[in-house]
1. Name the residues of segment 120-144 whose amide N is less than 18 Å from a point 7 angstrom out from the Cα of Phe69 along the C-beta direction?
2. So which lysines pass the test for Lys28, namely a Cα distance under 16 Å, with those fewer than 8 places away in the same chain ruled out?
3. Using the Karplus curve 6.51 cos²θ - 1.76 cosθ + 1.60 with θ = phi - 60°, what ³J(HN,Hα) values do you get for each residue of segment 96-106, in whole Hz, with x for Gly and Pro?
4. Which whole-percent values make up P(r) of segment 1-67 when all C-alpha to C-alpha distances are grouped in 5 Å steps starting at zero?
5. Give me the number: length gained by fully extending Asp48 to Thr3, i.e. 0.36 nm times residue separation minus the C-alpha to C-alpha distance, one decimal in nm.
6. Quick one: with all protein chains in place, what share of the accessible area of the chain is carbon or sulfur, to the nearest percent (1.4 Å probe)?
7. Karplus couplings for segment 68-85 from phi (6.51 cos²θ - 1.76 cosθ + 1.60, θ = phi - 60°), rounded to Hz, Gly and Pro as x?
8. Which percent of Cα-Cα pairs in segment 66-149 sits in each 10 Å bin, short to long?
Amino acid sequence: MLTALKPDVQRILEKNTSVDDRLQDVCKLLKAGVPYYDWVGFYFRNGDKEELKLGPYAGEPTDHTIIPFGKGICGQVAVSNENFVVPDVKAQDNYIACSLTVKSEIVIPLFKNGVNIGQIDIDSNTLDPFNSADEEFLQFVNQEVAKIL
Ligand code: SME
């Protein structure tokens, strides 16, 4: 299922539309294509500030448009540079709740020329749905996105 989406991701990113429109379309594709992806969004470093700013996303609007480095799952990935898979958000103490329906989350850092410039963030309403195939797929998505940034 995830592998089958890779050509679609590449096709979207090759379009001549704005970067934000293409990233939004990638979010929509992933949300529609994977049943347990309920919110899909990109966060990027906000200029030189030690914070993340919400970019294109698909799903319910969130209040968390700015996340300081270190805060929540996203903020931790901004400083760790490592994938963060959360099977059960209730078991996390440094977690920012976006919606009461969310049960799990995966955040994969996005590197441009070796620098962590942002991340893709997926929320799921399913408990413990993510495995190494999701990590591999989302790393692929981020590598493809980095090419157009
Ligand atoms: N849950 C995230 C905040 C972002 S929302 O999921 C959209 C976190 O703990 O960093």
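The values are calculated or read from the model by the stated rules, or taken from the named source; none is laboratory data. Just so it is clear, the model here is predicted, and its values are computed rather than measured. Ideal geometry is used to build each Cβ from the backbone, glycine not excepted, and the neighbour counts take in all protein chains shown. Surface areas here come from the heavy atoms of the whole protein model, side chains and all, with no ligands, DNA or RNA. Shrake-Rupley method; radii C 1.70, N 1.55, O 1.52, S 1.80 Å.
1. Answer for segment 120-144: 120.
2. Lys6, Lys15
3. 10, 6, 9, 7, 6, 7, 6, 10, 8, 7, 9
4. For segment 1-67, the binned pair fractions read 3, 17, 22, 23, 17, 12, 4, 0 percent.
5. 12.7 nm
6. 49
7. Computed from phi, the couplings for segment 68-85 are x, 3, x, 8, x, 5, 4, x, 5, 5, 4, 9, 7, 6, 10, 4, 10, 9 Hz.
8. 19, 50, 28, 3
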